[in-house]
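The values are calculated or read from the model by the stated rules, or taken from the named source; none is laboratory data. Keep in mind the model is a prediction, meaning the values are calculated, not measured. We place every Cβ from the backbone using ideal geometry, glycine too, and count neighbours over all the protein chains shown. These area figures cover heavy atoms from the full protein model, side chains too; ligands, DNA and RNA do not enter into them. Shrake-Rupley method; radii C 1.70, N 1.55, O 1.52, S 1.80 Å.
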Amino acid sequence: MTARLAVVMSGFPRTSETFALGELVALNRAGMLARVYATKPGDGAAPQPGVSEILPLLRMLPDGDAAEQAAAIVDDLGDERVDGLHGYFAHRPAEVAASAARMLGVGSSFSVHALDARKVPAIELADRSRAAVGVIACNTHVAQHVDVPGARVRLLPHGVDLDRFRPGPQRDTDGPLRVLAVGRLVEKKGFPTLLAAMARLSVPCVLRIVGTGAQEARLTADIERLGLAGTVELAGRRSHEQLPADYAWADVVAVPSVVDSSGDRDGLPNVALEAMACGRPLAVSDVAALGSAVRDAGSGVVVPPGDPAALADALTTLADQRVRESFGAAGRRHVEEHFDLAACTRRLVEHLNQMHTRTPEVVDA
């Protein structure tokens, strides 16, 4: 039997959460997706390719606490068969999914990514993990938050579309080193460190930063203050359809993530996998799962977070085309073996089906 699931998201759709969309599409194509619920609106940006397939199943939950949103799910489902609920994040979505599942007498599961784990008190998260029929962690770093006695935790990384993100031809070596950074303009992305590194470089270099966010004014001021106005471009938002052209433009991709003032940090950002898929070498911070992923792949240089001098040294190392080609080829091989989107989503679909077709142990939280 194929399980039928209702999936509870946080804000949906969101441009930055391409991994979520890919997994929802895979569930839908497997005949498993009964409904998608959002606990709050998405980001209002232009939707990513594939969203149209999910929108007919999407319901926006009313404002309220978790119990009220869970009751709204039960009312909306009516007599429709569901074999379980899955919270796509460990905080409010998992809480709402578990509450609705108890009302319906079915099992609940949830995924955990990065900040969502730190939004839940440790004791509460441990209880939630034990009560679930299963927990899916997307990287080893975040798995530590939920791998408690009695919890059924499975490591299933997000994948990358190897057809959309593929190596382009190497450009001529003439001209400055082209560095690309992609991400929301927020503190945890570490872009001020990257600008400071750019100001220290002795090799000719240009930087393109793709993304929008709260730090845009601060970054604009830093660019002026550091004398980088002719060197750094804040390129704004890109869709998934547009990003491959940016990777093709780049010689190097920088991911200078830091732990921000609230304790938030990246897990393993999409940009690292996309860069490897495109055969582009990386200069990354040693934060959460990011540094270990690049070391395992042999796809770039790992530096301490928040260290402009070390990051400038890494970019200088990557100015050598032979070094770039070696790291880029290793990265592509690594994602082909471990992060192919089709294989990753197939494993996720199979695991969720197995969890929700066995007899659930519905545990009171």
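Before we move on, is ASP313 in contact (Cβ under 8 Å) with a residue 60 or more places away in the chain and surrounded by fewer than 19 Cβ atoms within 10 Å (Cβ to Cβ)?
Values: in contact (Cβ under 8 Å) with a residue 60 or more places away in the chain: no; surrounded by fewer than 19 Cβ atoms within 10 Å (Cβ to Cβ): yes.
Answer is no for this residue.
Looking at (1) within 19 Å of SER257 (Cα to Cα); (2) at pLDDT below 95; (3) not charged (D, E, K, R), which is the one condition that is false for PRO169?
The single condition PRO169 does not satisfy is (1).
For (1) in contact (Cβ under 8 Å) with a residue 60 or more places away in the chain; (2) over 27 Å from PHE89 (Cα atoms); (3) among the basic types (Lys, Arg); (4) touching a Lys or Arg at 6+ places or on another chain (Cβ under 6 Å), each residue gets a yes or a no:
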position: ALA235; (1), (2), (3), (4): no, yes, no, yes
position: ARG238; (1), (2), (3), (4): no, no, yes, no
position: ASP260; (1), (2), (3), (4): yes, no, no, yes
position: PRO304; (1), (2), (3), (4): no, yes, no, no
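When only residues in the stretch 316-350 that are in contact (Cβ under 8 Å) with a residue 60 or more places away in the chain and among the polar types (S, T, N, Q) count, which is surrounded by the fewest Cβ atoms within 10 Å (Cβ to Cβ)?
My answer is GLN321.
Checking ALA151 against (1) within 19 Å of the chain's Cα centre (by Cα); (2) within 30 Å of VAL106 (Cα to Cα): exactly one of these is not met. Which one?
With (1) within 19 Å of the chain's Cα centre (by Cα); (2) within 30 Å of VAL106 (Cα to Cα) applied to ALA151, the lone miss is (1).
Restricting attention to the stretch 58-70, does a residue exist that is over 23 Å from GLU274 (Cα atoms) and within 19 Å of the chain's Cα centre (by Cα)? Lay out the reasoning, then the answer.
So in the stretch 58-70, the residues over 23 Å from GLU274 (Cα atoms) come out as 58-70.
Right, trim to within 19 Å of the chain's Cα centre (by Cα) and you get none.
No, because not a single residue in the stretch 58-70 is over 23 Å from GLU274 (Cα atoms) and within 19 Å of the chain's Cα centre (by Cα).
Tally time: how many residues in the stretch 268-306 are surrounded by fewer than 24 Cβ atoms within 10 Å (Cβ to Cβ), assigned to a loop (DSSP other than H, G, I, E, B) and in contact with a His (Cβ under 8 Å, 6 or more places away or on another chain)?
The number of residues fulfilling the criteria is 3.
Considering only helices (runs of 4 or more DSSP H) fully contained in the stretch 106-216, which possess at least 1 residues that are open to solvent by less than 10 Å² (accessible area, probe 1.4 Å) and either out of contact with any His (no Cβ under 9 Å at 6 or more places or on another chain) or charged (D, E, K, R) (or both)? Steps first, please.
Values: elements: 115-118, 122-131, 140-143, 191-200.
Output list reads 115-118, 191-200.
Which residues, counting only those in the stretch 217-235, are open to solvent by 20 Å² or more (accessible area, probe 1.4 Å) and not aliphatic (A, V, I, L, M)? Give the derivation first.
If we filter the stretch 217-235 for residues that are open to solvent by 20 Å² or more (accessible area, probe 1.4 Å), which is where we start, we get 217-218, 220-221, 224-227, 229-231, 233-235.
The answer is ARG218, THR220, GLU224, ARG225, GLY227, GLY230, THR231, GLU233.
If you go through the stretch 245-259, how many residues are touching a helix residue (DSSP H, G or I) at 6+ places or on another chain (Cβ under 9 Å) and at pLDDT 95 or above?
Taking the stretch 245-259 as the starting set, the residues that turn out to be touching a helix residue (DSSP H, G or I) at 6+ places or on another chain (Cβ under 9 Å) are 247, 250-259.
After this cut, where a residue has to be at pLDDT 95 or above as well, the list is 247, 250-258.
So the count comes out to 10.
Would you be able to tell me the number of residues in the stretch 64-102 that are among the acidic types (Asp, Glu), surrounded by fewer than 19 Cβ atoms within 10 Å (Cβ to Cβ) and either in contact with a Phe, Trp or Tyr (Cβ under 7 Å, 6 or more places away or on another chain) or farther than 22 Å from ARG358 by Cβ (or both)?
If we filter the stretch 64-102 for residues that are among the acidic types (Asp, Glu), which is where we start, we get 65, 68, 75-76, 79-80, 83, 95.
Those left that are additionally surrounded by fewer than 19 Cβ atoms within 10 Å (Cβ to Cβ): 65, 68, 75-76, 79-80.
The next check asks that each one be either in contact with a Phe, Trp or Tyr (Cβ under 7 Å, 6 or more places away or on another chain) or farther than 22 Å from ARG358 by Cβ (or both); those that pass are 65, 68, 75-76, 79.
The total comes to 5.
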